[in-house]
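The values are calculated or read from the model by the stated rules, or taken from the named source; none is laboratory data. No experiment lies behind these values; they were computed from the predicted model shown. Heads up, the Cβs are rebuilt from the backbone with ideal geometry, glycines too, and the neighbour counts pull from every protein chain shown.
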Amino acid sequence: MFGQNIPLGFAGGAAGVAVNFLVIAGGGAGTGGYAAGGGGGGAGGLRTSYGSTSGGGTSNEAPTAFVSGQQYTITIGAQKNASSIVGGAVSISSVGGGTSNGGVGGSGGGTIGSAVAGAGTAGQGFAGGGGTGSYTYGGGGGAGGIGLSYPANSRMGDGGPGIIVNVLNSSNATTSGIGDVHSTNTYYSGGGGGGTYAYLVNAPAGLGGIGGGGRGYYYNDGPTPIIAVPSAPGKVNSGSGGGGHHGGGAPVGNNNGGSGVVILRMLTADYSGTTTGSPDVYVEGSDTVVVFKGSGTYTQ
C-alpha cells in the first residue's frame with residue numbers, strides 16, 4: 001500500500017500530493033587498457049522513499065509532495081550521468097556511478113592493485129574495492145555494499161550488491177525491463193566485477209553485484225590456448241556498473257554502465273495522467289506507479 005513508511009512531512013518543502021519515488025543514476029563504465037586493465041564500474045546513486053532502506057546503508061527518505069498544476073521534469077541518466085526529478089520546490093537527484101580505476105560517484109569504481117578505490121556518495125552508494133598488486137583488480141561499489149577486493153572469494157573483486165526496492169512489483173518490473181528481478185524482489189544498482197589477466201595472475205574475474213552489475217573480463221594469452229570470457233555491461237535501466245577489462249594484450253575496451261530509472265508511486269485518486277516521454281504506467285492496489293526509462297515530464 002502507498003502509506004508504507006511515510007514519515008510526518010514531505011521532502012520538497014511544499015504541501016501537496018504525497019509521492020513516493022525511486023531515483024537511480026546511470027552506472028559507471030568498467031574500463032581497461034593494454035597496460036592498466038580495470039576494476040569494475042561503480043553503480044549509479046540510488047535514492048528512494050519506498051521501503052525501509054535507501055542507497056549507502058541509509059534509511060528511506062521522506063516522500064515528496066507534488067503541487068497541482070506544477071510540471072515536474074524527469075531526467076534519466078545514461079552511463080555515469082545523474083538522474084533527477086525537478087519542478088517547483090522539488091529537486092531530487094542522484095549521482096552517476098564512478099568509472100573503474102578509482103572514479104568517485106554515486107558508488108565508487110574499483111581500482112588496480114593498492115591504488116585508492118573510488119568513494120561513494122553518502123546516502124546513495126558505497127565505495128569500490130581494490131587489489132594487492134599489479135594485474136589485480138577490485139569490484140565497483142553498489143548501492144547496498146562495497147565492491148570487494150582481490151582475492152576475496154579467490155577471484156578478482158566482485159561488484160558490490162544493489163538493494164531491493166519493490167516500489168514496482170516484480171512482475172511489472174519484468175514487463176518494463178527494469179532492475180534485476182529475483183523471485184518476488186527487484187534489485188537495483190549493483191557494482192561491476194573486476195577483470196583479470198590470468199596469464200600473470202591466475203584467478204577468475206569478479207562477478208557483477210546483484211542488481212544488474214556486469215561481470216569482469218577473463219583473459220589468458222599465455223602458452224596455453226587463449227581463454228576469453230567476455231565482460232558484460234551493467235543492465236539497462238538498473239543503474240548498475242559495467243564489468244572491468246584486463247591488463248594484457250588485445251582485445252581491450254570498456255563496458256558501459258547501465259542507464260538509470262525514475263519511478264513515481266502515488267494514490268490512483270491523485271494521479272493526473274498528464275505525462276510526456278511515454279512512461280510505463282501500472283495500477284497496483286490503490287496506487288498508480290509511473291516508470292520513466294527515458295526522460296519526460298509529469299504534471300500534477
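Remarks
- Single condition Gly102 does not satisfy, out of (1) of a type outside the set (A, V, I, L, M); (2) modelled with pLDDT of 95 or more; (3) farther than 16 Å from Thr297 by Cβ: (2)
- Residue satisfying condition, being of a type outside the set (Ser, Thr, Tyr), out of contact with any helix residue (DSSP H, G or I) (no Cβ under 8 Å at 6 or more places or on another chain) and surrounded by fewer than 24 Cβ atoms within 10 Å (Cβ to Cβ), within set Asn185, Asn202: Asn202
- Yes/no for Ser170 being closer than 25 Å to Gly77 by Cβ, hydroxyl-bearing (Ser, Thr, Tyr) and touching a Ser or Thr at 6+ places or on another chain (Cβ under 9 Å): yes
- Filter result for Gly212 (modelled with pLDDT under 95, buried (at least 24 other Cβ atoms within 10 Å of the Cβ), within 19 Å of the chain's Cα centre (by Cα) and not basic (Lys, Arg)): no
- Residue within region 216-227 that is under 14 Å from the mean Cα position of the chain (by Cα) and modelled with pLDDT of 90 or more present: no
- Checked against the criterion of being in contact (Cβ under 8 Å) with a residue 12 or more places away in the chain and crowded, with 20+ Cβ neighbours inside 10 Å, the candidates Thr196, Thr268, Thr276 yield just one match: Thr196.
- Val289 meets all of the listed conditions (1) touching a residue at least 60 places away in the same chain (Cβ under 8 Å); (2) within 16 Å of the chain's Cα centre (by Cα) but one, namely (2).
Residue by residue, here is whether (1) over 18 Å from Gly56 (Cβ atoms); (2) under 16 Å from the mean Cα position of the chain (by Cα); (3) surrounded by 24 or more Cβ atoms within 10 Å (Cβ to Cβ) holds:
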residue: Ser107; (1), (2), (3): no, yes, yes
residue: Ala119; (1), (2), (3): no, yes, no
residue: Ala122; (1), (2), (3): no, yes, no
residue: Gly125; (1), (2), (3): no, yes, yes
residue: Thr132; (1), (2), (3): yes, no, no
residue: Gly142; (1), (2), (3): no, yes, yes
residue: Pro151; (1), (2), (3): yes, no, no
residue: Ser154; (1), (2), (3): yes, no, no
residue: Gly160; (1), (2), (3): no, yes, yes
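- Candidate set: region 53-77, residues that are within 20 Å of Gly277 (Cβ to Cβ) and either modelled with pLDDT under 95 or of a type outside the set (Val, Ile, Thr) (or both); chosen: the one surrounded by the fewest Cβ atoms within 10 Å (Cβ to Cβ): Gly69
- Filter result (over 15 Å from Gly157 (Cβ atoms), small (Gly, Ala, Ser) and surrounded by 24 or more Cβ atoms within 10 Å (Cβ to Cβ)) within region 91-102: Ser94, Gly96, Gly97
- Subset of region 145-171 [touching an Asp or Glu at 6+ places or on another chain (Cβ under 7 Å) and under 20 Å from Met266 (Cα atoms)]: Asn169
- Residue within region 280-288 that is of a type in the set (A, V, I, L, M, F, W, C), surrounded by 23 or more Cβ atoms within 10 Å (Cβ to Cβ) and touching a helix residue (DSSP H, G or I) at 6+ places or on another chain (Cβ under 9 Å) present: no
- Residue in region 127-137 that is without any contact (Cβ under 8 Å) to a residue 12 or more places away in the chain and either under 18 Å from Arg47 (Cα atoms) or of a type outside the set (Phe, Trp, Tyr) (or both) present: no
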